[in-house]
Ligand code: MLT
């Protein structure tokens, strides 16, 4: 009999957002016609902006003629997109970046999950809690050792620097799920820790486009020394509405080294190229053309307007949560609002109550880790009027309770 990967038995039975989708589907089946407002998974609702649409139409036309057709692309992604990223995302921050530090992918989720392929199994991984469940689940699948770094209101949801030695640390700022941001000085403490401990930081900055406060870092590479200890993940999903199109990128600086068993240096950029060229055939030409358009003058202005729309929705949610005394966090430089459940009820009980009594879907905090218990997450990606309607329903439900 062939054995399954028994590490899967350590995972929750279902991936968080699939679990929620199934519960909502079961409710819908029992209550046909129920008017459900979905503010659970962080999926965007605004259409792709005109500059992206135009570029993607053109890319489809390219594929219609043999002299402009594109088949397999380069293993790191098209150079024109990687150069646009260097110029558009890193040069304005004063960050040194080379196009060959960058690997285009089909969205940050795949790479944050797959990156462990190039590290030894059994790695000791520090993961901030509460957290995007992909980091925990994928490390459990590999049999890695997980150490939670508790994030709470007391430490601004940025975690205390550990006293113990960790091999890898996952950081996500602006944070999913809490919407917290990290200051430059706190991020420097993490980079200093990693340099001293010989640890590797996995920095997920998928939500950096929501930063409006000029003091908040957009990239881990704004901190000196980070090129020697950090990998960064970015995505066009939330920046430009690519949750369905699929395109993002991973940065592995060419000087980033780990060690082999005999202590000899191993280059991670080369290892990842080896891994990707074997297991991945790239994001489509059409997606990459769409992503390139995000860096055009029109693309920039249009995507920024979309994010401004979501940020205004986030402000409205936050204001309503404040009115209810639920001590909301986030929503100012991030699309997520993190709030306390009323009267200390559990996250899942509140989820069920909201679904059953108000037909509103949020994400229960404990689904993001033990420190999320007693909280829930609301996304600002729903339509504005539907969000306002959801706020009314939540307020009525809580006031009636
Ligand atoms: C979320 O809701 O946390 C995100 O949509 C998940 C993701 O980006 O994969």
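No lab work stands behind these numbers, since they all come straight from the coordinates. Owing to the predicted nature of the structure, the values given are computational and were not obtained by experimental measurement. Cβ sites come from the backbone with ideal geometry, for glycine too, and all protein chains shown count toward neighbours.
Is the shape of the stretch 197-327 rounded, prolate or oblate, going by the alpha carbon gyration tensor and its root eigenvalues a ≥ b ≥ c, with a/c under 1.5 for rounded and a/b larger than b/c for prolate?
Numbers: a/c = 2.51, a/b = 1.52, b/c = 1.65.
Taking the square roots of the gyration eigenvalues as a ≥ b ≥ c, the stretch 197-327 is oblate.
Springs between Cα atoms under 10 Å define the GNM used for the chain, and in it the highest mean-square fluctuation of 230, 305, 390 occurs at 305.
Computed over the alpha-carbon pairs of the chain, the distance histogram in 20 Å steps reads 27, 58, 16, 0 percent, short to long. In whole Å, what is the distance between the alpha-carbon centres of the stretch 314-388 and the stretch 1-67? Comparing the Cα centres of the stretch 314-388 and the stretch 1-67, I get a distance of 21 Å. Averaged over residues, the count of other Cβ atoms within 10 Å places the peptides 240-253, 15-28, 212-225 in the sequence 240-253, 212-225, 15-28, highest first.
Need the full-extension length gain, residue 349 to residue 195, defined as separation in residues times 0.36 nm minus the C-alpha distance. One decimal, nm.
Numbers: separation 154, 0.36 × 154 = 55.44 nm, distance 4.23 nm.
So the extension gain works out to 51.2 nm.
Here the Gaussian network model covers the chain, with springs between Cα atoms less than 10 Å apart; of 142, 76, 14, 14 fluctuates the most. Comparing 172, 278, 151 in a Gaussian network model of the chain (Cα springs below 10 Å), the most mobile by mean-square fluctuation is 278.
Only Cα pairs under 8 Å and 6+ residues apart enter the sum, and on that basis the relative contact order of the chain stands at 22 percent. Based on DSSP H segments of at least four residues, each scored -39500 (n - 2.57), the chain has a per-residue ellipticity at 222 nm of -11000 deg cm²/dmol.
Multiplying the residue separation of residue 319 and residue 61 by 0.36 nm and removing their Cα-Cα distance gives an extension gain of 88.3 nm.
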